[in-house]
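To start, the structure under review is shown below, and the notes come after it.
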Amino acid sequence: MADRARKHVVVLMGGFSSERPVSLMSGNACADELERCGYRVTRLDVGHDVAQKLAEIRPDVAFNALHGPFGEDGTIQGILEYMEIPYTHSGVLASAITMNKDMAKRVAKSHGIPVAESKTMNRHDFTSSHPMRPPYVVKPVSEGSSFGVVIVKEDQPHPPQVITSDEWKYGDTVMVERYVHGRELTCAVMGNVALGVTEIIPQGHQFYDYDSKYAEGGSNHVCPAEISPNIYQTITKLALKAHQAFGCRGVTRSDFRYDDRFSPNGEVIWLEINTQPGMTATSLVPELALYAGHSFGELLSWMVEDASCLR
């Protein structure tokens, strides 16, 4: 406890991406728990003057609770590297690659991780004909928390008009991906250990979108997932493989779809890896950590002690 009391942790939160509200929830939850664990904590709502603020605060460690662009894509990581402030989660390169869905899928596929067929295109190139046989999913290439995700059903006669409209605010580059039927599964990795698999069951939502992630009662978490041992093992192996393939550090969470409609072996598809997963006490990663025997405080303390530069 004495060592912790001497260690000054700045918790980076908020920021200016679409995920600002989520980041504030994660950041405050982590700051509260780190204080309970005995650390000296400063909370920093990140703005464009973050480097100046960090120079004034002079922390020993930066706990990165930012989500989305700037906080999750290698940008803040580069600032922390330049300032030589040890930080949690993954480094510059891993963060930049995993935040770009197209690049991430290329890397995953090259390492033998099963992914769904997809194509990346400019949203203005959508015409009256489908870019892929429905059903498919349209995703912004560099957004998190399912912002901008549109599912096109089999019977939809034309591409979704919102993609080319002025209302669209998620960038011009989008990924069109084959829709994978089945169950939503996720697996957390801590260091080089897969913690377990959770099934996510959205309540009143078509898929695990922003509201089902963060609204009260938006989803049920079944931890551990009630799936066959061989599928469970497959998913933990793939999550760890992705974590290592991208050169991730600290904690990550990989999301999967498991289609068991026609066979118990089914189809397992890796969707993406989250290098900055939500970190409230009831978020998926802390739930999985608790299942693996680590309390929320123990998880966060491990992350602080694991922090470094050159990640």
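The values are calculated or read from the model by the stated rules, or taken from the named source; none is laboratory data. Note that the structure is a prediction, hence the values are computed from the model and not measured. All Cβ positions, even for glycine, are placed from backbone atoms using ideal geometry, and neighbour counts span all protein chains on display.
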Which of the helices (runs of 4 or more DSSP H) contained wholly in the stretch 1-92 include at least 3 residues that are touching a His at 6+ places or on another chain (Cβ under 6 Å) and not acidic (Asp, Glu)?
none
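Considering only the stretch 26-36, state which residues are surrounded by fewer than 19 Cβ atoms within 10 Å (Cβ to Cβ) and touching a helix residue (DSSP H, G or I) at 6+ places or on another chain (Cβ under 9 Å).
Here is the first cut: in the stretch 26-36, the residues surrounded by fewer than 19 Cβ atoms within 10 Å (Cβ to Cβ) are 28, 32, 35-36.
If the condition is that a residue be surrounded by fewer than 19 Cβ atoms within 10 Å (Cβ to Cβ) and touching a helix residue (DSSP H, G or I) at 6+ places or on another chain (Cβ under 9 Å), then ARG36 is the only one that fits.
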Here's a check for you: in the stretch 15-45, which residue that is closer than 11 Å to GLY278 by Cβ and aliphatic (A, V, I, L, M) is farthest from the chain's Cα centre (by Cα)?
ALA29
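Only residues that are in contact (Cβ under 8 Å) with a residue 12 or more places away in the chain and surrounded by fewer than 18 Cβ atoms within 10 Å (Cβ to Cβ): list them for the stretch 53-69, please. Please lay out each step first, then the result.
To start, the set of residues in the stretch 53-69 that are in contact (Cβ under 8 Å) with a residue 12 or more places away in the chain comprises 54-55, 57-69.
Across the stretch 53-69, the qualifying residues are ALA55, ILE57, ARG58, ASP60.
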I'm told SER18 meets every condition in (1) in contact with a strand residue (DSSP E or B) (Cβ under 9 Å, 6 or more places away or on another chain); (2) buried (at least 17 other Cβ atoms within 10 Å of the Cβ); (3) within 30 Å of VAL137 (Cβ to Cβ); (4) not assigned by TED's automatic domain parsing to the domain that holds GLY266 except one. Can you identify the failing condition by its number?
(1)
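Tell me, please, whether a residue that is closer than 18 Å to PRO277 by Cα and in contact (Cβ under 8 Å) with a residue 40 or more places away in the chain can be found in the stretch 101-114. Even if it seems obvious, please write down each step before you answer.
To start, the set of residues in the stretch 101-114 that are closer than 18 Å to PRO277 by Cα comprises 101, 104.
Now restrict to residues that are in contact (Cβ under 8 Å) with a residue 40 or more places away in the chain: 101, 104.
So far as the stretch 101-114 goes, yes, one or more of its residues are closer than 18 Å to PRO277 by Cα and in contact (Cβ under 8 Å) with a residue 40 or more places away in the chain.
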Within the stretch 228-267, restricting to residues that are without any contact (Cβ under 8 Å) to a residue 12 or more places away in the chain and part of a helix (DSSP H, G or I), the one that is farthest from ALA188 (Cα to Cα) is PRO229
How many residues does the stretch 273-301 contain that are under 19 Å from the mean Cα position of the chain (by Cα), farther than 27 Å from MET103 by Cα and assigned to a helix (DSSP H, G or I)?
8
Any chance the stretch 111-120 includes a residue that's surrounded by 16 or more Cβ atoms within 10 Å (Cβ to Cβ), in a strand (DSSP E or B) and not aliphatic (A, V, I, L, M)?
yes
Out of everything in the stretch 248-269 that is closer than 14 Å to LEU195 by Cβ and among the small types (Gly, Ala, Ser), what residue ends up being surrounded by the most Cβ atoms within 10 Å (Cβ to Cβ)?
SER254
